[in-house]
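K.L.:
I have a structure here, written as structure tokens, and I will follow up with some questions on it.
The values are calculated or read from the model by the stated rules, or taken from the named source; none is laboratory data. Everything numeric here is computed off the predicted structure, so don't read it as measured data. Because the Cβ atoms are built from the backbone with ideal geometry, glycine has one as well, and the counts that use them run over all protein chains shown. We work out accessible area using only protein heavy atoms, side chains counted, and drop any ligands, DNA or RNA first. Shrake-Rupley method; radii C 1.70, N 1.55, O 1.52, S 1.80 Å.
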Amino acid sequence: MNQTEYISIAALNQYAYCPHRCWRMFCAGEFTDNQYTIEGTTLHDRVHTTSDIQRGETWQVRAIWLKSEQYKLIGKSDLIEAESGQVYPVEYKRGRKGEWDNDELQVCAQALCLEEMTGEPVTTGYIYYAHSHQRQLVEINQELRNSAIATIESVTNLLETGAMPKPVYSKRCQGCSLYSQCLPKATDKVKSYQEVN
């Protein structure tokens with residue numbers, strides 16, 4: 001990665017989910033679909049149909065590119081809404097609210113881009129979960145901003161060095177489409193074997 005390259009906003013989500021997965025996707029160029037990724041891709045194919053509509057008091061624009069020079073971020077938004085002078089991102093996800101903050105980091109990164117592009121503060125965003133048909137409010141507070149900026153720095157370092165993070169098994173691995181390439185339990189299993197002399 002050189003100084004002029006941009007980081008995909010999606011890479012922040014992947015890194016926060018699992019640094020090793022992020023490395024496989026964005027450094028090694030590996031990706032494998034599974035049921036969950038196919039469902040997500042199908043959802044985003046529908047969502048990423050460019051449109052610009054007015055719904056009551058809310059203006060909605062889909063599938064526009066967001067960019068930040070300050071943070072070197074770029075990515076396509078699912079939905080940007082404006083209501084009562086406030087602009088905010090809405091990120092679509094296939095499942096239900098998870099136990100992890102990676103989706104919130106992605107919304108925060110979109111908010112950072114929107115702030116730079118519009119010159120206006122963005123204090124909220126939403127995640128729309130397709131299975132529950134519910135929106136989750138994401139408050140773009142200082143703690144989340146700091147976490148997003150730290151993640152941007154970590155992803156930048158990952159992309160610049162190409163250093164592969166160690167795979168670490170967690171509950172998240174169960175639904176990961178790259179589990180068979182990563183084999184996070186294999187390292188510990190190999191360590192447990194001892195050579196007999």
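K.L.:
What FRET efficiency do you get for His133 and Thr161 if R0 is 35 Å and r is their Cβ-Cβ distance, rounded to the nearest 0.05?
P.N.:
On the way: r = 41 Å, r/R0 = 1.18.
With a Förster radius of 35 Å, E is 0.25.
K.L.:
Around Leu158, under 12 Å between beta carbons, what's the net of Lys plus Arg minus Asp minus Glu among the other residues? Walk me through the numbers before you get to the answer.
P.N.:
Values: positive: Arg21, Arg24; negative: Glu153, Glu160.
In short, 0.
K.L.:
Same structure, new question: How much accessible area per residue does the stretch 49-122 have, counting only protein heavy atoms and a probe of 1.4 Å, in square angstrom?
P.N.:
Details: 3650 Å² over 74 residues.
Heavy-atom accessible area per residue stands at 49 Å².
K.L.:
Take Thr58, Thr118 and sort them by solvent-accessible surface of the protein heavy atoms, 1.4 Å probe, largest at the top. Write down the numbers at each step before the final one.
P.N.:
Values: Thr58 20, Thr118 65 Å².
Most to least solvent-accessible, the answer reads Thr118, Thr58.
K.L.:
Cβ neighbours within 10 Å, averaged per peptide: list 10-16, 103-109 in order, most packed at the top.
P.N.:
Values: 10-16: 22.4, 103-109: 25.7.
Averaged packing, sorted descending, gives the order 103-109, 10-16.
K.L.:
Another question, then. Taking the Cα centre of the stretch 106-157 as the origin, how large is its charge dipole in debye, to the nearest 20, when only Lys and Arg (+1) and Asp and Glu (-1) carry charge on their Cβ atoms?
P.N.:
So the magnitude is around 200 debye.
K.L.:
Another question about this same structure. Points 7 angstrom from Cα along the Cβ direction at Gln174 and Thr58: gap in nanometres?
P.N.:
3.2 nm
K.L.:
Suppose each label sits 7 Å from its Cα in the direction of the beta carbon; what would the Ala150-Lys67 distance come out to in nanometres?
P.N.:
Rounded to a tenth, the inter-label distance reads 3.0 nm.
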